[in-house]
Amino acid sequence: MADGWKDFIAGTAGGFSAKVLDYPFDTVKVLLQTQNSLSTPTPTSIGAQSSTISTMPNYVRSSTTTPNTTPQQQKVYRGAIHCLRYTIKTRGFFSLYKGMTSPLLGSMAENAVLFLCYGEIKKIMGEKPGHELSLLQLATAGGMSGAVGAVALNPFEVIKGKKKVQIISYPFFGNNSHVSIVISKTQCKCKS
């Protein structure tokens, strides 16, 4: 079991490192994917005067944008680099990491399970020192451990998606626990 613990710890460390590095890019992806579903702030939508339009980026302020129109379908970001720069400029660098707790735990859990399952499945398939498994056996072990890892990660991914949209659009959820409770009450078709 000592090898199992090594696999588990290595997976946990790998999951932590990977999520810390890729989470800002995931935030940019979600911002780009949801930009059309979010309403663009205008005087009409928030009851402000023309000062709101003056704080909008130039590409959002078009000649057709007047204080009485709501340009909900206009894109906020021109692309990934612009989204990254604009988010850092308007919300700060650490806003790219908002809501990272659940995905971080999920990534650590997923990789720990993947590494542990992969090592254990290889042992079950007959891997021993001096006896290597075939490529097909290694692929099978990887596929089986990937299926187990996907099941372990799914709840974290659902919470991450809901939390990111909440952070971007409106402050509805208080924390990850609140997100979990709301999701389970509204989307689970379980009979009690």
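The values are calculated or read from the model by the stated rules, or taken from the named source; none is laboratory data. All figures in this text were calculated on a predicted structure; none of them were measured in a lab. Glycine also receives a Cβ, built like all others from the backbone with ideal geometry; neighbour counts cover every protein chain displayed.
Here's the yes/no breakdown for (1) of a type outside the set (Lys, Arg); (2) at pLDDT 70 or above:
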| site | (1), (2) |
| --- | --- |
| Leu136 | yes, yes |
| Pro155 | yes, yes |
| Gly161 | yes, yes |
| Phe172 | yes, no |
| His178 | yes, no |
| Lys191 | no, no |
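Does Lys89 fit the bill of being basic (Lys, Arg) and more than 30 Å from Asn36 (Cα to Cα)?
So Lys89 fails the test.
Filter segment 134-148 down to the residues that are farther than 19 Å from Gly15 by Cα and assigned to a helix (DSSP H, G or I) and list them by number.
Result: Leu135, Leu136, Gln137, Leu138, Ala139, Thr140, Ala141.
Please verify whether Gly99 is in a loop (DSSP other than H, G, I, E, B), modelled with pLDDT of 85 or more and on the phi > 0 side of the Ramachandran plot, treating the condition exactly as stated.
Criteria not met by Gly99.
Mind counting the residues in segment 107-154 that are under 24 Å from the mean Cα position of the chain (by Cα) and in contact (Cβ under 8 Å) with a residue 60 or more places away in the chain?
Matching residues across segment 107-154 total 10.
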